[in-house]
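In what follows, a structure is listed as structure tokens, so that the remarks can point back to it.
Please treat every number below as a calculation from the coordinates, not as lab data. Just so we're clear, the structure is a prediction, and the values are computed from it rather than from any experiment. Cβ sites come from the backbone with ideal geometry, for glycine too, and all protein chains shown count toward neighbours.
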Amino acid sequence: MARGTRQLSLNAFIYPTGHHEAAWRHPDSSPERIYDVSYFQELGRTAEAAKFDAVFFADGPALRQNVKHYAAPGLEPITLLTAIATATTNLGLIATASTTYYEPYNLARLFSSLDHISGGRAGWNIVTTGTDLAAANFGLAAHPVHADRYARAREFVDAVVALWDSWEDDAIVLDPAAGIYADTDKIHEINFVGRHLKVRGPFNAARTPQGHPVLVQAGASNDGRSFAGRYAEAIFTAHQRLEDGQAFYADIKKRAAAFGRNPEHVKVLPGISPFIADTEAEAHALEREFNELTVPAYGLAQLKNLVGTDVRHLPLDEAVPVELFAGAGDVTDNSQSRLQVIAGIVARERPTVRQLLHRLAGARGHRVFAGTPEQVADTIEEWFTNGAADGFNVMPPQYPQGLEKFASTVVPILQERGLFREEYTGSTLRDHFGLPRPESQFSGRAAVAQ
């Protein structure tokens with residue numbers, strides 16, 4: 001029986017072998033296939049069969065993981081999603097790309113091409129890049145500071161959207177008899193000039209099926225939240241507790257409204273990494289099985305990379321000192337959001353170093369949940385109906401089995417409860433998210449000028 005008209009959004013966040021750092025070591029995994037495009041096309045078809053809104057790929061222009069102990073992702077996601085587009089029909093396709101290490105015109109072309117090729121299913125996860133390892137790969141002496149990266153990001157998005165808008169929707173005339181392909185009065189230079197960027201335009205391709213790709217964002221710092229309130233149409237975030245999710249959700253919706261936007265057009269999607277089994281005890285046993293495959297040296301290095309806190313000098317079975325995370329700031333600061341998530345785990349649970357590494361092994365600070373399909377559906381419904389989420393970024397501990405298990409056991413429960421679609425009702429990612437198609441900012445300008 002339907003519980004209401006509002007429905008969940010579900011994305012499959014694809015890490016090649018799974019979100020648990022030891023997934024590649026599990027006997028059921030296929031780490032030898034992480035450069036095989038057919039593997040990712042199969043994952044896309046699984047997600048589409050379950051009516052997921054989209055698949056999502058993280059990315060970064062540097063090798064952050066210690067590949068001695070981890071099967072690190074390596075394929076560039078926009079290219080990969082183009083291949084997945086050919087193997088699917090309705091599934092949304094979201095890729096991460098950095099405003100720090102791309103140029104606006106180049107990136108606008110990549111996402112415009114993906115949106116055209118897929119028939120309107122592209123989304124751009126906008127990041128500023130959080131690691132200074134990338135700087136040397138681009139000939140820079142240092143990674144730009146946080147504030148400068150966000151200042152550039154604001155200009156970058158304004159320039160890219162203007163490029164996508166520079167062709168009005170009816171710019172293509174396509175009149176062979178008159179010899180006119182396009183009305184050049186409806187194709188505009190953008191003449192964008194900022195402190196960090198300068199882009200003339202116009203764009204060299206027509207407007208895409210969605211108007212422009214969906215804008216996604218994943219930063220939870222104060223700068224990130226402000227950026228999300230102004231631009232983001234979907235937000236990926238990490239929270240451990242319902243009350244933290246509710247506070248973030250309310251804050252983002254308030255910020256969107258302050259920018260004159262409709263808060264309903266900003267989808268908040270926390271991450272959840274579910275270990276699913278027929279009984280709760282079996283689900284926890286499955287989680288322990290994965291944790292026992294972890295390599296402590298890898299987890300210690302990841303913790304340092306993730307939040308800058310080094311605990312390698314401590315014995316693995318010694319409690320983590322709370323004071324090591326004293327620099328996380330309070331919940332109103334948000335300048336180091338992921339550090340705050342981990343500091344909260346340490347303060348509440350007082351784990352040993354080994355226990356903390358296990359807590360983070362599953363999803364790098366995103367919420368890990370072990371339970372039956374009904375329990376997973378219950379926690380999703382709780383967050384969805386209590387103002388903490390518009391949907392979830394599903395982060396299976398292991399691919400492909402974890403996605404298949406979620407699709408075959410949890411999704412039917414959510415559908416039975418009327419919380420998730422049984423069929424697609426549209427063909428674009430905007431349709432799936434319930435987002436309007438944006439009008440070109442240049443529409444009508446030529447008529448006004450005349």
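Remarks
- Net length gained if the chain between ILE117 and THR79 were fully extended (0.36 nm per residue, minus Cα distance): 12.6 nm
- Over every Cα atom in segment 325-438, the radius of gyration and the widest Cα-Cα span, Dmax, amount to 17.4, 50 Å.
- Evaluated at q = 0.12 Å⁻¹, a Debye calculation over the C-alpha positions of segment 184-263 (equal weights, vacuum) places log10 I(q)/I(0) at -0.51.
- Over the chain, Cα pairs under 8 Å with separation of 6+ residues give a relative contact order of 24 percent.
- Taking all pairs of distinct alpha-carbon atoms in segment 184-335, Kirkwood radius in angstrom: 20.0
- Size of charge dipole - segment 170-262 - debye, nearest 20, with Cβ of Lys, Arg +1 and Asp, Glu -1, no other charges: 420
- Residues in segment 48-78 reached by a label modelled at PHE138 [backbone nitrogen below 17 Å; 7 Å Cα→Cβ]: 59-64, 76-78
- Convex hull of Cα atoms in segment 135-220, direction-averaged projection (nm²): 8.0
- Building the convex hull from the alpha-carbon atoms of the chain and averaging its projection over directions returns 23.2 nm².
- A crude spin-label estimate for the pair ARG109 and ARG6, with each label 7 Å from Cα along the Cβ direction, gives 4.3 nm.
- Here r is the Cβ-Cβ distance between ALA258 and GLN401 and R0 is 56 Å; the resulting FRET efficiency, rounded to 0.05, is 0.80.
- Options LEU286, LEU356, PHE369, ranked by Cα towards positive dipole end of the chain, top entry (Cβ charges): LEU356
- Rounded to the nearest 20, the Cβ-based charge dipole of the chain about its Cα centre (Lys and Arg +1, Asp and Glu -1) stands at 880 debye.
- Projected-area mean, segment 247-377, by convex hull of Cα positions, square nanometres: 9.5
- Spacing of the two label points (7 Å from each Cα toward its C-beta) at THR379 and ASP310, in nm: 3.4
- The Cα-based radius of gyration and maximum Cα-Cα distance (Dmax) for segment 55-194 are 18.1, 64 Å.
- Rounded to 0.05, the FRET efficiency of the ALA319 and GLU423 pair, given R0 = 51 Å and the Cβ-Cβ distance, is 0.50.
- For segment 1-113, the fraction of alpha-carbon pairs in successive 10 Å shells from zero, as %: 12, 39, 33, 13, 3, 0
- Take every Cα pair under 8 Å whose residues are at least 6 apart in sequence, average their separation, divide by the length of segment 230-293, and the relative contact order is 37 percent.
- Whichever aspartates and glutamates have a C-alpha closer than 18 Å to that of LYS51, once near sequence neighbours (fewer than 8 apart) are set aside: GLU42, GLU381, ASP390, GLU404, GLU416, GLU422, GLU423, ASP431
- Residue of ASP115, ASP165, ASP185 that the Gaussian network model of the chain assigns the largest fluctuation, springs spanning Cα pairs under 10 Å: ASP185
- Partner aspartates and glutamates whose Cα lies under 13 Å from the Cα of LYS254, excluding those fewer than 8 positions away in the same chain, are identified as GLU264.
- For segment 152-284, DSSP calls about 50 percent of its internal beta bridges antiparallel.
- Projected onto their three principal axes, the Cα atoms of segment 333-382 cover extents of 33, 28, 17 Å, largest first.
- Helix-derived mean residue ellipticity, 222 nm - over the chain, DSSP H n ≥ 4, -39500 (n - 2.57), to 500: -11000 deg cm²/dmol
- Rounded D (µm²/s) - segment 118-272, Kirkwood Rh over Cα pairs, Stokes-Einstein at 10 °C, 1.306 mPa s: 89
- Estimated inter-spin distance, ASP148 and GLU349, nm [label 7 Å along Cα→Cβ]: 3.7
- When only alpha carbons of segment 363-415 are considered, Rg and Dmax amount to 11.0, 31 Å.
- Share antiparallel - DSSP beta bridges, the chain, percent rounded to 5: 15
- Under the combined filter of DSSP loop state and at most 15 neighbouring Cβ atoms within 10 Å, segment 171-204 retains these trypsin sites (Lys or Arg not before Pro): ARG195, ARG200.
- Gain on full stretching of the segment that runs from ILE172 to GLU280 - 0.36 nm per residue minus C-alpha separation: 33.1 nm
- Low-density loop cleavage sites - trypsin sites (Lys or Arg not before Pro) in segment 1-82, where at most 13 other Cβ are within 10 Å (DSSP): ARG3, ARG6, LYS68
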